Amino acid sequence: MTTKTIYLGLIILLLGLLIQCNNNSAKISLTNSTNCFDTIIPIIYNCEPSENGDYAFHSIPSKQLKVKLIPNLETRIKMRFNEVDGIIGIHQFFLDHDLVSGFVHPFTTNMFNKLKPADFVLKYHPDSVKLLTGTISFIHKANLTQLDTLGKNIAFFRQWRLSEIEYKLQNGQVYTKMDICKFDTRCACPQSKKTGNMTQIPIWQIAETGYQPLNKYADFGHENGGTVVIIWEVNNEIWFQDVHSSWNVILNRTIEISKAYNIDPAICISDAGPFARKLKADKNFRVKVIDIDALARNGKRFGAGYAYLHEQ
């Protein structure tokens, strides 16, 4: 597969995202026109919010992007950290670890240690000048060096290859297997072929269980959908795309990537629960820390993650 083919596939994916936004022009601005948010590259936001004011989004397919780190609540208090500026929005929260303070919960360490050599980890390359800013990319766990440390420059994601997810094609339609969530008994979670605590994928929808048409899981909101990073490799280059949306969008996007490159991409999840919600920056490219803290009122070590910089 040539480089030209790779970039053609990425262009096709990006065009699909722009069409899905229901916006005719995907302008690079933050103006509010006809009750519709415009697009800020490298993030494409849906035009209409969910019932709780959350905006679904996709990042453009990338090999690396510039971010600003968000410390956990405990560290933010010590740093007198009141707002995150120069950002497009909050795009990922980490699972009980923090690249600013270095805190890693033993639970996260245990799950990280179980990753296979071919699994993906996020690698953070800090900016030598600006505090808390740098570049993220993804590498295989097998390629970590002695200088790479979880909680320092490495972040953990639970992950499932597309081939490990319980879904099937029937009469030209995708059916996905759902079961009652361990995390929220009101909802149903996608099922995987893995065992143990990886049986369920922590994205939930209020819907029926069993094999159901994927398009039944198209709702997005506080109790529907979640945030993932889809990661794939072509010609030894690792690409990634953040998707914050319904399970219908997440799985369909992964299937599209699989077909485009004849590969087995991974769906990677950092955290779930209230952190399935994300915050969009205001017109001054800022998010107040008090709004982040509201998502996890009782967890002083929660809330660490990253936000994409407004200026890439």
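Each reported figure results from applying straightforward, stated rules to the coordinates on display, with no laboratory input. Keep in mind it's a predicted model, so treat the numbers as computed, not measured. We place every Cβ from the backbone using ideal geometry, glycine too, and count neighbours over all the protein chains shown.
Cross-link pairs exceeding 18 Å in C-alpha to C-alpha distance, out of 114/193; 114/141; 66/123; 130/288; 68/130, comprise 130/288.
State the dimensionless ratio Rg/Rh of region 143-239 (Rg: radius of gyration of Cα atoms; Rh: Kirkwood radius).
Result for region 143-239 is an Rg/Rh of 1.04.
Per-residue ellipticity at 222 nm for the chain, helices alone: DSSP H runs ≥ 4 residues times -39500 (n - 2.57), over residue total, nearest 500 deg cm²/dmol?
Working: 5 runs with 53 residues, N = 312.
Helix contribution divided over all residues of the chain: -5000 deg cm²/dmol.
Near residue 106: Cβ cut-off under 15 Å, other residues only, Lys/Arg at +1 and Asp/Glu at -1. The net charge is 0. Peptides 226-235, 108-117 ranked from most to least packed by the mean count of surrounding Cβ atoms within 10 Å: 226-235, 108-117. Net charge of the neighbourhood of residue 93, taken over other residues with C-beta under 14 Å away and scored Lys/Arg +1, Asp/Glu -1, is -1. Result for the chain in a Gaussian network model with C-alpha springs under 10 Å: among 170, 241, 205, the largest mean-square fluctuation is at 170.
Screening the chain for DSSP H helices whose Cα atoms reach 20 Å or more along their own axis and whose mean Kyte hydropathy is at least 0.5 gives 3-20.
Taking region 254-299 on its own, what percent of its Cα-Cα pair distances exceed 16 Å? Value for region 254-299 (Cα pairs over 16 Å): 60 percent. In angstrom, the C-alpha Rg and Dmax of the chain are 18.5, 57.
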